[in-house]
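Notes follow the structure.
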Amino acid sequence: MKYARETLKDVEGYVPGEQPKMPGIIKLNTNENPYPPSPRVLQAIQEISTEMVRKYPDPVSLRLREAIAEKYGVEGPDWVIVGNGMDDVLSMAVRAFVDPGDTIMSPYPTYTLYETLAQLHGAKMQYVDLDGEFQLSEQFYSTKARMCFITRPNAPSGVLEGQSAMERLCREFDGPVFIDEAYADFAEDNCLGFPRAFENAIVGRTFSKSYSLCGLRLGFAIARPELVREMMKIKDSYNVNAVAQAAGLAALADTEHFRACTSRIRKNREWLTQALEGMGFRVPPSQTNFVLAQWTGAPSAREIFDALRARAIIVRYFDAPRLRDALRITVGSEREIEALIDALRAILAGEDAALGAVAEA
Ligand SMILES: Cc1ncc(COP(=O)(O)O)c(C=O)c1O
(Lines give C-alpha, C1' and ligand atoms only; values in the text may rest on other atoms or scores of the structure.)
Protein backbone atom coordinates (compact mmCIF):
# COMPACT_ATOMS: atom_id res chain seq x y z
CA MET A 1 0.00 0.00 0.00
CA LYS A 2 1.85 3.05 -1.29
CA TYR A 3 0.21 5.56 1.06
CA ALA A 4 1.13 3.76 4.28
CA ARG A 5 3.81 5.10 6.60
CA GLU A 6 7.15 3.37 6.05
CA THR A 7 7.08 1.95 9.61
CA LEU A 8 3.68 0.32 9.01
CA LYS A 9 4.65 -1.62 5.91
CA ASP A 10 5.86 -4.77 7.67
CA VAL A 11 3.61 -4.51 10.72
CA GLU A 12 0.88 -7.08 11.00
CA GLY A 13 -1.00 -5.37 13.84
CA TYR A 14 -2.08 -6.94 17.11
CA VAL A 15 -4.22 -10.07 16.77
CA PRO A 16 -6.54 -10.38 19.80
CA GLY A 17 -7.95 -13.72 20.90
CA GLU A 18 -11.01 -14.55 18.85
CA GLN A 19 -14.52 -13.63 20.00
CA PRO A 20 -16.65 -16.33 18.40
CA LYS A 21 -20.36 -15.66 18.45
CA MET A 22 -21.69 -19.24 18.25
CA PRO A 23 -24.24 -19.83 21.03
CA GLY A 24 -23.37 -22.36 23.71
CA ILE A 25 -19.62 -22.29 23.36
CA ILE A 26 -17.37 -22.35 26.39
CA LYS A 27 -15.00 -19.47 25.91
CA LEU A 28 -11.78 -19.79 27.87
CA ASN A 29 -9.41 -17.99 25.51
CA THR A 30 -9.23 -14.30 26.50
CA ASN A 31 -9.22 -14.34 30.30
CA GLU A 32 -12.61 -12.76 30.71
CA ASN A 33 -14.25 -13.08 34.10
CA PRO A 34 -16.94 -15.82 34.02
CA TYR A 35 -19.11 -13.98 36.55
CA PRO A 36 -21.19 -10.83 36.03
CA PRO A 37 -19.98 -7.43 37.22
CA SER A 38 -21.39 -5.85 40.36
CA PRO A 39 -25.14 -5.14 40.11
CA ARG A 40 -24.21 -1.58 41.05
CA VAL A 41 -22.39 -1.25 37.75
CA LEU A 42 -25.43 -2.35 35.78
CA GLN A 43 -27.57 0.06 37.77
CA ALA A 44 -25.18 2.95 37.13
CA ILE A 45 -25.34 2.19 33.40
CA GLN A 46 -29.15 2.14 33.48
CA GLU A 47 -29.13 5.50 35.20
CA ILE A 48 -27.09 7.20 32.47
CA SER A 49 -29.06 10.34 31.61
CA THR A 50 -29.77 11.88 28.24
CA GLU A 51 -27.57 14.82 29.22
CA MET A 52 -24.63 12.55 30.00
CA VAL A 53 -24.84 11.09 26.52
CA ARG A 54 -25.56 14.39 24.75
CA LYS A 55 -22.56 16.18 26.24
CA TYR A 56 -18.88 15.32 26.13
CA PRO A 57 -17.61 13.39 29.15
CA ASP A 58 -15.14 14.85 31.64
CA PRO A 59 -11.95 14.87 29.54
CA VAL A 60 -9.73 14.14 32.54
CA SER A 61 -12.09 11.67 34.32
CA LEU A 62 -11.47 13.54 37.57
CA ARG A 63 -13.99 11.83 39.86
CA LEU A 64 -12.90 8.42 38.73
CA ARG A 65 -9.22 9.28 39.20
CA GLU A 66 -9.99 10.60 42.68
CA ALA A 67 -11.80 7.38 43.56
CA ILE A 68 -8.92 5.27 42.21
CA ALA A 69 -6.37 7.33 44.16
CA GLU A 70 -8.34 6.83 47.35
CA LYS A 71 -8.92 3.13 46.81
CA TYR A 72 -5.34 2.34 45.83
CA GLY A 73 -3.68 4.54 48.43
CA VAL A 74 -1.93 7.27 46.48
CA GLU A 75 -1.90 10.98 47.32
CA GLY A 76 -4.39 12.20 44.75
CA PRO A 77 -5.70 12.11 41.18
CA ASP A 78 -2.48 13.55 39.75
CA TRP A 79 -0.93 10.12 40.47
CA VAL A 80 -3.52 8.40 38.26
CA ILE A 81 -4.21 8.28 34.53
CA VAL A 82 -7.20 6.41 33.08
CA GLY A 83 -7.66 5.02 29.61
CA ASN A 84 -9.94 3.22 27.21
CA GLY A 85 -8.75 -0.10 28.61
CA MET A 86 -5.21 -0.62 29.86
CA ASP A 87 -4.20 -1.12 26.25
CA ASP A 88 -4.85 2.60 25.74
CA VAL A 89 -2.64 3.40 28.75
CA LEU A 90 0.13 1.15 27.39
CA SER A 91 -0.05 2.98 24.09
CA MET A 92 0.11 6.37 25.82
CA ALA A 93 3.16 5.25 27.78
CA VAL A 94 5.00 4.23 24.61
CA ARG A 95 4.17 7.50 22.89
CA ALA A 96 5.10 9.56 25.96
CA PHE A 97 8.42 7.93 26.83
CA VAL A 98 9.86 6.34 23.69
CA ASP A 99 11.15 8.00 20.53
CA PRO A 100 10.97 6.20 17.19
CA GLY A 101 14.21 4.25 16.80
CA ASP A 102 14.53 3.61 20.55
CA THR A 103 14.40 0.17 22.11
CA ILE A 104 11.68 -1.22 24.37
CA MET A 105 12.49 -4.30 26.40
CA SER A 106 10.45 -7.05 27.92
CA PRO A 107 10.95 -10.56 29.20
CA TYR A 108 9.86 -13.33 26.83
CA PRO A 109 7.24 -14.75 26.68
CA THR A 110 4.95 -11.87 27.52
CA TYR A 111 1.87 -9.92 26.44
CA THR A 112 2.37 -9.53 22.70
CA LEU A 113 0.80 -6.08 22.46
CA TYR A 114 4.03 -4.46 23.71
CA GLU A 115 5.83 -5.59 20.58
CA THR A 116 3.02 -4.37 18.34
CA LEU A 117 3.03 -0.97 20.04
CA ALA A 118 6.81 -0.76 19.57
CA GLN A 119 6.48 -1.62 15.88
CA LEU A 120 3.68 0.88 15.29
CA HIS A 121 5.82 3.54 16.92
CA GLY A 122 8.90 2.70 14.86
CA ALA A 123 10.72 1.46 17.97
CA LYS A 124 12.67 -1.79 18.37
CA MET A 125 11.60 -4.63 20.65
CA GLN A 126 14.28 -6.36 22.68
CA TYR A 127 13.23 -9.58 24.39
CA VAL A 128 15.21 -11.32 27.11
CA ASP A 129 14.13 -14.92 27.73
CA LEU A 130 12.63 -15.80 31.08
CA ASP A 131 14.33 -18.79 32.72
CA GLY A 132 12.88 -22.32 32.80
CA GLU A 133 10.56 -21.40 35.69
CA PHE A 134 9.37 -18.24 33.87
CA GLN A 135 11.36 -15.96 36.21
CA LEU A 136 13.62 -13.04 35.24
CA SER A 137 17.13 -14.07 34.27
CA GLU A 138 20.28 -12.22 35.33
CA GLN A 139 20.71 -10.93 31.77
CA PHE A 140 17.51 -8.94 32.09
CA TYR A 141 19.06 -6.51 34.57
CA SER A 142 22.06 -5.75 32.42
CA THR A 143 20.10 -5.10 29.22
CA LYS A 144 19.61 -1.46 28.35
CA ALA A 145 16.58 0.11 26.69
CA ARG A 146 14.55 3.30 26.75
CA MET A 147 11.61 1.67 28.49
CA CYS A 148 10.75 -1.68 30.02
CA PHE A 149 7.41 -3.53 30.14
CA ILE A 150 6.91 -6.36 32.56
CA THR A 151 3.67 -8.22 33.16
CA ARG A 152 3.34 -9.20 36.82
CA PRO A 153 1.96 -11.76 37.34
CA ASN A 154 3.21 -12.77 33.94
CA ALA A 155 1.05 -13.61 30.96
CA PRO A 156 0.90 -16.20 29.51
CA SER A 157 2.73 -18.19 32.22
CA GLY A 158 0.69 -16.92 35.18
CA VAL A 159 3.88 -16.87 37.29
CA LEU A 160 4.53 -14.10 39.84
CA GLU A 161 8.01 -12.57 39.77
CA GLY A 162 9.40 -11.93 43.28
CA GLN A 163 8.99 -8.47 44.85
CA SER A 164 12.72 -8.12 45.45
CA ALA A 165 13.45 -8.80 41.77
CA MET A 166 10.98 -6.06 40.87
CA GLU A 167 12.64 -3.66 43.31
CA ARG A 168 16.04 -4.42 41.85
CA LEU A 169 14.72 -3.85 38.35
CA CYS A 170 13.26 -0.45 39.24
CA ARG A 171 16.49 0.52 41.03
CA GLU A 172 18.82 -0.52 38.22
CA PHE A 173 16.86 0.22 35.05
CA ASP A 174 17.52 3.65 33.59
CA GLY A 175 14.06 4.49 32.23
CA PRO A 176 10.37 3.99 32.97
CA VAL A 177 9.46 0.49 34.17
CA PHE A 178 5.84 -0.25 33.27
CA ILE A 179 4.58 -2.98 35.60
CA ASP A 180 1.48 -4.39 33.92
CA GLU A 181 -0.73 -5.66 36.74
CA ALA A 182 -3.69 -6.71 34.61
CA TYR A 183 -4.00 -9.87 36.73
CA ALA A 184 -2.69 -8.66 40.10
CA ASP A 185 -6.10 -8.81 41.77
CA PHE A 186 -5.79 -12.60 41.58
CA ALA A 187 -2.27 -12.61 43.09
CA GLU A 188 -0.94 -12.69 46.61
CA ASP A 189 0.82 -9.33 46.36
CA ASN A 190 1.30 -6.39 44.02
CA CYS A 191 3.53 -3.41 43.27
CA LEU A 192 1.05 -0.63 44.03
CA GLY A 193 3.53 0.84 46.53
CA PHE A 194 6.27 1.13 43.89
CA PRO A 195 5.45 4.57 42.41
CA ARG A 196 5.99 6.14 45.81
CA ALA A 197 9.31 4.33 46.23
CA PHE A 198 10.65 4.58 42.67
CA GLU A 199 10.40 7.59 40.40
CA ASN A 200 10.43 5.38 37.27
CA ALA A 201 7.69 2.88 38.26
CA ILE A 202 4.34 2.89 36.47
CA VAL A 203 1.76 0.36 37.63
CA GLY A 204 -0.94 -0.49 35.09
CA ARG A 205 -4.34 -1.89 36.04
CA THR A 206 -7.53 -2.86 34.26
CA PHE A 207 -11.23 -3.15 35.10
CA SER A 208 -11.53 -5.89 32.47
CA LYS A 209 -10.57 -8.94 34.49
CA SER A 210 -11.25 -8.68 38.23
CA TYR A 211 -14.17 -6.24 37.81
CA SER A 212 -15.63 -8.18 34.87
CA LEU A 213 -15.82 -5.13 32.59
CA CYS A 214 -13.94 -6.14 29.42
CA GLY A 215 -16.69 -4.76 27.21
CA LEU A 216 -16.63 -1.30 28.76
CA ARG A 217 -12.93 -0.67 28.13
CA LEU A 218 -11.50 0.88 31.26
CA GLY A 219 -7.96 0.77 32.60
CA PHE A 220 -5.59 3.00 34.52
CA ALA A 221 -2.05 3.49 35.70
CA ILE A 222 -0.55 4.81 38.90
CA ALA A 223 2.73 6.71 38.73
CA ARG A 224 4.47 9.84 39.99
CA PRO A 225 2.66 13.02 38.88
CA GLU A 226 5.65 13.97 36.65
CA LEU A 227 5.13 10.79 34.61
CA VAL A 228 1.33 11.09 34.61
CA ARG A 229 1.62 14.64 33.25
CA GLU A 230 3.58 13.45 30.23
CA MET A 231 1.04 10.73 29.46
CA MET A 232 -1.83 13.19 29.86
CA LYS A 233 -0.33 15.29 27.06
CA ILE A 234 -0.64 12.34 24.69
CA LYS A 235 -4.09 11.03 25.52
CA ASP A 236 -7.06 11.46 23.21
CA SER A 237 -9.17 14.42 24.35
CA TYR A 238 -12.04 12.27 25.63
CA ASN A 239 -10.37 8.90 25.98
CA VAL A 240 -12.82 7.49 28.56
CA ASN A 241 -16.49 7.77 27.73
CA ALA A 242 -19.21 8.83 30.19
CA VAL A 243 -20.65 5.34 30.62
CA ALA A 244 -17.26 3.85 31.46
CA GLN A 245 -16.52 6.63 33.96
CA ALA A 246 -19.84 6.06 35.77
CA ALA A 247 -19.46 2.29 35.68
CA GLY A 248 -15.90 2.45 36.99
CA LEU A 249 -17.02 4.51 39.99
CA ALA A 250 -19.79 2.02 40.75
CA ALA A 251 -17.44 -0.95 40.43
CA LEU A 252 -14.90 0.54 42.83
CA ALA A 253 -17.62 1.12 45.42
CA ASP A 254 -18.68 -2.54 45.59
CA THR A 255 -15.80 -4.05 47.53
CA GLU A 256 -17.85 -7.00 48.69
CA HIS A 257 -18.73 -8.14 45.17
CA PHE A 258 -15.10 -7.71 44.09
CA ARG A 259 -13.76 -9.81 46.99
CA ALA A 260 -16.30 -12.59 46.53
CA CYS A 261 -15.68 -12.78 42.79
CA THR A 262 -11.87 -12.76 42.91
CA SER A 263 -11.68 -15.31 45.72
CA ARG A 264 -14.06 -17.63 43.86
CA ILE A 265 -11.82 -17.46 40.81
CA ARG A 266 -8.73 -18.16 42.92
CA LYS A 267 -10.42 -21.20 44.42
CA ASN A 268 -11.43 -22.47 41.00
CA ARG A 269 -7.88 -21.88 39.74
CA GLU A 270 -6.53 -24.30 42.35
CA TRP A 271 -9.16 -26.88 41.45
CA LEU A 272 -8.44 -26.54 37.72
CA THR A 273 -4.67 -26.73 38.31
CA GLN A 274 -5.00 -29.93 40.34
CA ALA A 275 -7.27 -31.54 37.79
CA LEU A 276 -4.86 -30.68 34.96
CA GLU A 277 -1.87 -31.96 36.90
CA GLY A 278 -3.80 -35.14 37.62
CA MET A 279 -4.12 -35.65 33.86
CA GLY A 280 -0.39 -35.20 33.32
CA PHE A 281 -0.19 -31.52 32.38
CA ARG A 282 2.59 -29.41 33.88
CA VAL A 283 1.12 -26.19 35.23
CA PRO A 284 3.46 -23.40 36.37
CA PRO A 285 2.07 -21.90 39.61
CA SER A 286 -0.48 -19.33 38.46
CA GLN A 287 -1.36 -16.13 40.31
CA THR A 288 -3.79 -15.02 37.60
CA ASN A 289 -7.23 -15.98 36.30
CA PHE A 290 -5.73 -18.39 33.78
CA VAL A 291 -3.30 -21.29 33.75
CA LEU A 292 -0.68 -22.36 31.25
CA ALA A 293 -1.16 -26.08 30.80
CA GLN A 294 2.05 -27.55 29.35
CA TRP A 295 1.80 -30.84 27.51
CA THR A 296 4.52 -32.69 25.67
CA GLY A 297 2.91 -36.06 24.97
CA ALA A 298 0.68 -37.25 22.17
CA PRO A 299 -1.72 -35.96 21.01
CA SER A 300 0.09 -32.63 20.69
CA ALA A 301 -1.07 -29.47 22.46
CA ARG A 302 -2.20 -28.17 19.07
CA GLU A 303 -4.27 -31.30 18.48
CA ILE A 304 -5.83 -31.03 21.92
CA PHE A 305 -6.68 -27.40 21.16
CA ASP A 306 -8.39 -28.46 17.92
CA ALA A 307 -10.23 -31.32 19.62
CA LEU A 308 -11.51 -29.00 22.36
CA ARG A 309 -12.63 -26.57 19.71
CA ALA A 310 -14.56 -29.30 17.94
CA ARG A 311 -16.38 -29.76 21.25
CA ALA A 312 -17.13 -26.02 21.38
CA ILE A 313 -14.54 -25.28 24.04
CA ILE A 314 -12.20 -22.48 23.01
CA VAL A 315 -8.84 -22.07 24.77
CA ARG A 316 -5.77 -20.16 23.57
CA TYR A 317 -2.94 -21.69 21.58
CA PHE A 318 0.16 -19.65 20.74
CA ASP A 319 2.19 -20.83 17.78
CA ALA A 320 5.32 -19.25 19.27
CA PRO A 321 8.61 -20.35 20.83
CA ARG A 322 8.23 -21.93 24.31
CA LEU A 323 4.45 -21.95 23.97
CA ARG A 324 3.82 -24.55 21.26
CA ASP A 325 3.58 -27.29 23.87
CA ALA A 326 0.97 -25.52 25.93
CA LEU A 327 -2.61 -24.29 26.15
CA ARG A 328 -3.54 -21.14 28.00
CA ILE A 329 -6.83 -21.73 29.73
CA THR A 330 -8.96 -19.08 31.44
CA VAL A 331 -10.37 -20.04 34.83
CA GLY A 332 -14.04 -20.26 33.90
CA SER A 333 -17.12 -20.87 35.99
CA GLU A 334 -17.57 -24.16 37.89
CA ARG A 335 -19.75 -25.53 35.06
CA GLU A 336 -17.20 -24.51 32.41
CA ILE A 337 -14.30 -26.08 34.31
CA GLU A 338 -16.23 -29.33 34.71
CA ALA A 339 -17.00 -29.41 30.99
CA LEU A 340 -13.37 -28.69 30.16
CA ILE A 341 -12.08 -31.44 32.46
CA ASP A 342 -14.55 -33.97 31.03
CA ALA A 343 -13.59 -33.03 27.49
CA LEU A 344 -9.85 -33.24 28.18
CA ARG A 345 -10.25 -36.65 29.83
CA ALA A 346 -12.13 -37.93 26.81
CA ILE A 347 -9.63 -36.47 24.35
CA LEU A 348 -6.63 -37.88 26.22
CA ALA A 349 -8.33 -41.26 26.50
CA GLY A 350 -8.56 -41.27 22.71
CA GLU A 351 -12.33 -41.14 22.67
CA ASP A 352 -12.33 -38.77 19.74
CA ALA A 353 -12.58 -41.12 16.78
CA ALA A 354 -9.83 -39.46 14.77
CA LEU A 355 -8.15 -36.32 15.97
CA GLY A 356 -7.06 -35.43 12.46
CA ALA A 357 -10.62 -35.50 11.23
CA VAL A 358 -11.77 -33.43 14.19
CA ALA A 359 -9.06 -30.86 13.55
CA GLU A 360 -10.32 -30.33 10.06
CA ALA A 361 -13.93 -29.80 11.18
C1 LIG B 1 -1.08 -8.50 30.35
C2 LIG B 1 -2.23 -7.68 29.87
N3 LIG B 1 -2.14 -6.34 29.91
C4 LIG B 1 -3.15 -5.56 29.48
C5 LIG B 1 -4.30 -6.12 28.98
C6 LIG B 1 -5.36 -5.20 28.44
O7 LIG B 1 -6.36 -4.92 29.31
P8 LIG B 1 -7.58 -4.02 28.86
O9 LIG B 1 -8.72 -4.93 28.60
O10 LIG B 1 -7.81 -3.12 30.03
O11 LIG B 1 -7.16 -3.23 27.64
C12 LIG B 1 -4.44 -7.49 28.91
C13 LIG B 1 -5.65 -8.10 28.34
O14 LIG B 1 -5.80 -9.25 28.15
C15 LIG B 1 -3.38 -8.29 29.37
O16 LIG B 1 -3.44 -9.63 29.29
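Some observations on this one:
- Filter result for ALA307 (aliphatic (A, V, I, L, M) and more than 23 Å from PRO20 (Cα to Cα)): no
- Residue check, LYS27 within 16 Å of the ligand (Cβ to nearest atom) and either within 22 Å of SER208 (Cα to Cα) or of a type in the set (Val, Ile, Thr) (or both): yes
- Residue check for ASP180: out of contact with any Pro (no Cβ under 9 Å at 6 or more places or on another chain), of a type outside the set (A, V, I, L, M) and open to solvent by 10 Å² or more (accessible area, probe 1.4 Å): no
- Residues of segment 276-292 classified as closer than 21 Å to ASP185 by Cα and either free of Cβ contacts under 8 Å to residues at least 60 places away in the same chain or open to solvent by less than 20 Å² (accessible area, probe 1.4 Å) (or both), total: 8
- Residues of segment 199-210 that turn out to be more than 13 Å from the chain's Cα centre (by Cα) and surrounded by 20 or more Cβ atoms within 10 Å (Cβ to Cβ), as a count: 3
- Residue in segment 75-85 that is on the phi > 0 side of the Ramachandran plot, in contact (Cβ under 8 Å) with a residue 12 or more places away in the chain, more than 21 Å from the chain's Cα centre (by Cα) and surrounded by fewer than 20 Cβ atoms within 10 Å (Cβ to Cβ) present: no
- Test for THR273: is it crowded, with 18+ Cβ neighbours inside 10 Å, free of Cβ contacts under 8 Å to residues at least 40 places away in the same chain and closer than 30 Å to ILE341 by Cα: yes
- ILE179 being in contact with a Lys or Arg (Cβ under 6 Å, 6 or more places away or on another chain) and closer than 20 Å to ALA69 by Cα: yes
The values are calculated or read from the model by the stated rules, or taken from the named source; none is laboratory data. Treat the numbers as computed from the prediction; the structure is a model and nothing was measured. Positions of Cβ are generated from backbone atoms using ideal geometry, with glycine treated the same way; all protein chains shown enter the neighbour counts. For the accessible areas, the whole protein counts, side chains as well, though only heavy atoms, and no ligand, DNA or RNA atoms are used. Shrake-Rupley method; radii C 1.70, N 1.55, O 1.52, S 1.80 Å.
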